[in-house]
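Participant: Below you will find the structure I want to go over with you.
Here, each number is a calculation from the coordinates, and none is a lab measurement. Keep in mind that what you see is a predicted model, and the values were worked out from it rather than measured. Because the Cβ atoms are built from the backbone with ideal geometry, glycine has one as well, and the counts that use them run over all protein chains shown.
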Amino acid sequence: MRSTICTLLFSVLVAAPLSADCPCIPLTHLWVVKTCDDWNCATTELMLAGGDPQVMAIPVGLDNPRWLVLRRIASGSAIDVNATDPYEIRQFDGLEGAITHYTELTHERLPMMLTAPDGQVLVISLKQGEPRKRAAAH
């Protein structure tokens, strides 16, 4: 009888909700971008990630040898060491905000939009537009 009461009391204590004074802080995540000059740099970044599904590489374009390495990190866990990187990334919870931002970007900023594995919609673009190339006169 005594062990039954102890077991019942223990079960109630374990199943009881924790107090509302929990100092828990929900984690938020950010996507960051790093530009690689070639595929070798991008594969090195992917190899260092060790198969982490929160790291991916995408090409800049068909006629451009650069690659962009996207990484999802917990906000506050790193500082921006890529302040000189030519690309920036903005993340949105839904498609509406992403489309609005995407349409505001000029063609010279080479905007790209994709959906990340965590459901965020990412808009990647150059921080400053590329200068237009002049057609060579013959």
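Participant: Given Cα pairs under 8 Å that are at least 6 residues apart, what percent is the relative contact order of the range 37-131?
Facilitator: 22 percent
Participant: Run the simple label-point estimate for Ile73 and Leu27 please: 7 Å along Cα→C-beta, distance reported in nm.
Facilitator: 1.4 nm
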